[in-house]
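**Q** Quick one: this structure, given as structure tokens, is what I'll be asking you about.
Bear in mind these aren't lab numbers, they're just calculated from the coordinates by the rules spelled out. Just so we're clear, the structure is a prediction, and the values are computed from it rather than from any experiment. Note: ideal-geometry Cβ built from the backbone for every residue, glycine included; neighbour counts use all protein chains shown.
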Number of protein chains: 2
Amino acid sequence: MSTRPNPMPGLINDDHVLHRISGELAGKFDGVFSPEMVDRYVFESYTSLARTAKIKTYLTSITKHFAEDRLNALAHAQGIRPSGKAEVLFVCVQNAGRSQMAAGLLRHYGEGRINVRSAGSLPAERLNAHVVDSMKDIGIDLDADFPKPLTDDVVRAADVVITMGCGDTCPIYPGKRYEDWQVEDPADLDPAGVQRVRNDLDKRIRKLAAELLAR
Amino acid sequence: MSTRPNPMPGLINDDHVLHRISGELAGKFDGVFSPEMVDRYVFESYTSLARTAKIKTYLTSITKHFAEDRLNALAHAQGIRPSGKAEVLFVCVQNAGRSQMAAGLLRHYGEGRINVRSAGSLPAERLNAHVVDSMKDIGIDLDADFPKPLTDDVVRAADVVITMGCGDTCPIYPGKRYEDWQVEDPADLDPAGVQRVRNDLDKRIRKLAAELLAR
């Protein structure tokens with residue numbers, strides 16, 4: 001039985017940063033959500049990312065993005081702060097390949113008029129490196145993206161939910177458009193295979209973007 | 001591209017049940033947490049369990065237990081409703097074997113004076129069957145237990161956090177007692193091996209219970 005009074009000094013220090021983020025976001029969502037609820041969003045977002053993220057260096061920074069985006073999704077879903085945009089969510093198992101590529105492509109083709117999110121039922125430790133390279137080849141930068149667990153708020157915010165290989169792990173709510181895309185998993189592929197998946201997704205996403213922008 | 005207007009009728013119906021659970025818990029936590037926050041706890045607890053649980057049959061029922069326990073943990077941690085008991089959290093990777101056995105044993109030896117929780121960094125689909133059998137052999141019933149993801153609230157509530165094999169995925173907060181126990185993983189063992197783990201844990205837990213009850 002070994003005692004660990006302070007085995008992870010990095011994470012202890014994060015507490016102060018998280019409180020600061022919580023204060024900032026409470027300001028941004030003043031009159032929308034209580035500071036108490038914003039605080040919970042920040043700390044639970046952090047823990048849910050810490051459970052799977054391998055690299056802890058950017059954990060507070062991605063926590064801020066994740067918590068803020070989830071709060072935006074919730075404010076939109078509840079009609080308190082509608083985004084005025086089409087809202088699309090891509091879900092796969094690891095949120096490290098397919099759903100990240102699809103999201104990157106739709107952001108690219110969406111002309112700033114589509115809110116795009118992605119999530120995974122079992123988020124991986126990091127993005128697939130071939131996926132990041134393959135997207136970089138066509139000028140789309142995924143360096144700031146990270147695998148995120150699927151949450152209720154982002155499903156509720158979505159008008160369109162597109163699943164790829166995550167089976168029955170995605171909660172389904174009425175009044176949304178659901179599609180299940182049969183797309184190869186980049187996790188099993190070499191760089192050439194990943195490019196093939198990217199090109200497949202590119203066609204599908206161009207079609208989806210055209211539909212959504214024509215509304 | 002296949003369209004799935006209603007691929008999971010069971011989950012659609014759950015929405016009504018979750019709203020009812022949310023109302024019930026809002027009553028129980030009246031004056032402690034806002035109905036809005038209780039609602040978020042219920043729906044996000046549900047989604048986090050649905051992401052990994054294989055069997056969806058009892059999902060609303062375990063959601064109610066999980067959400068209520070998390071809210072109790074938070075109310076205790078924030079000093080709004082202190083439990084008046086020692087609070088112990090066991091964490092392993094899958095929350096399907098070691099942490100469930102340890103929690104079951106400490107509940108047994110705790111004489112109702114210790115609040116015991118368990119969680120996993122990557123919760124499994126269900127409890128290990130040999131683990132459930134092995135605990136039944138000594139009169140401890142784990143049938144109502146289920147693998148749960150580690151959340152911020154239960155770590156904050158804990159006086160003692162005991163990790164088993166989950167490495168650096170557990171957030172660490174100051175002011176708590178941390179121990180890392182080297183215990184075999186029942187996932188890799190036959191029934192005789194699982195009994196050996198149970199007996200190892202039994203010794204450790206008797207010692208821990210005696211310490212905590214002597215306070």
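**Q** Based on the alpha carbons, how large is the Rg to Rh ratio for the range A:45-133 when Rh follows Kirkwood? Present the calculation step by step, with values, prior to reporting the outcome.
**A** On the way: Rg = 13.7 Å, Rh = 14.0 Å.
In the range A:45-133, Rg relative to Rh is 0.98.
**Q** Mind checking the dipole of the protein assembly as shown: about its Cα centre, +1 per Lys or Arg Cβ, -1 per Asp or Glu Cβ, Debye to the nearest 20?
**A** Details: 56 positive and 60 negative charges, 76 e Å.
Result for the protein assembly as shown is approximately 360 debye, rounded to the nearest 20.
**Q** Additional query: Just name one of B:V160, A:P35, B:S121: the one whose Cα is farthest towards the positive end of the charge dipole of the protein assembly as shown (beta-carbon charges, Lys/Arg +1, Asp/Glu -1).
**A** A:P35
**Q** Specify the angular offset, from 0 to 90 degrees and rounded to the nearest 10, of the alpha carbon long axis of helix A:59-77 from the longest principal axis of the alpha carbons in chain A.
**A** Helix A:59-77 sits roughly 70 degrees off the main axis of chain A.
**Q** Within straight cross-link reach of B:K64, meaning Cα distance under 28 Å, which lysines are found once same-chain residues fewer than 8 apart are removed?
**A** Excluding near neighbours in sequence, the set is A:K148, A:K176, B:K28, B:K54, B:K56, B:K85, B:K136, B:K148, B:K176.
**Q** Pop a pseudo-label 7 angstrom from the Cα along the beta-carbon direction at both A:I80 and A:S34 and give the gap in nm to one decimal.
**A** Between A:I80 and A:S34, the simple spin-label model gives 1.1 nm.
**Q** To the nearest 20 debye, what charge dipole does the range B:85-215 have about its Cα centre, counting +1 at the Cβ of each Lys and Arg and -1 at the Cβ of each Asp and Glu? Write down the numbers at each step before the final one.
**A** Details: 18 positive and 21 negative charges, 109 e Å.
Dipole of the range B:85-215, to the nearest 20 debye: 520 debye.
**Q** How tilted is helix B:98-109 with respect to the longest principal axis of chain B? Cα atoms for both, answer in degrees (0 to 90, nearest 10).
**A** So the inclination is approximately 70 degrees.
**Q** Name the GluC sites (Glu not before Pro) in the range A:32-118 that are in a loop by DSSP and that have at most 12 other C-beta atoms within 10 Å, would you?
**A** Working: sites: A:E36, A:E44, A:E68, A:E87, A:E111; in loops: A:E111.
Passing both the DSSP loop test and the Cβ count: A:E111.
**Q** Looking at the protein assembly as shown, send over the antiparallel percent of its DSSP beta bridges, to the nearest 5.
**A** Working: 4 of 38 bridges.
Taking every DSSP beta bridge within the protein assembly as shown, about 10 percent pair in antiparallel fashion.
**Q** Where is the GNM fluctuation largest for chain A (alpha-carbon springs, 10 angstrom cutoff): A:D14, A:D141, A:D188?
**A** A:D188
**Q** Give, in nm to one decimal, the length gained when the segment between A:E125 and A:R113 is fully stretched (0.36 nm per residue of separation minus the Cα-Cα distance). Present the calculation step by step, with values, prior to reporting the outcome.
**A** Details: separation 12, 0.36 × 12 = 4.32 nm, distance 3.03 nm.
Going from the current span to full extension adds 1.3 nm.
**Q** Which net charge results when you count Lys and Arg as +1 and Asp and Glu as -1 among the other residues whose beta-carbon is under 14 Å from that of A:A192?
**A** On the way: positive: A:R196, A:R198; negative: A:D133, A:D137, A:E184, A:D188, A:D190, A:D200.
So the surrounding residues net to -4.
**Q** Let me ask you something else. Fewest to most neighbouring Cβ within 10 Å: what's the order for B:L127, A:L89?
**A** Numbers: B:L127 21, A:L89 25.
Ranked by crowding around the Cβ, least crowded first: B:L127, A:L89.
**Q** If you don't mind, there's one more thing I want to ask. Once every DSSP H run of n ≥ 4 in chain B is given -39500 (n - 2.57) and the sum is divided by its residues, what mean residue ellipticity at 222 nm do you get, rounded to the nearest 500 deg cm²/dmol?
**A** Details: 7 runs with 105 residues, N = 215.
It lands at -16000 deg cm²/dmol.
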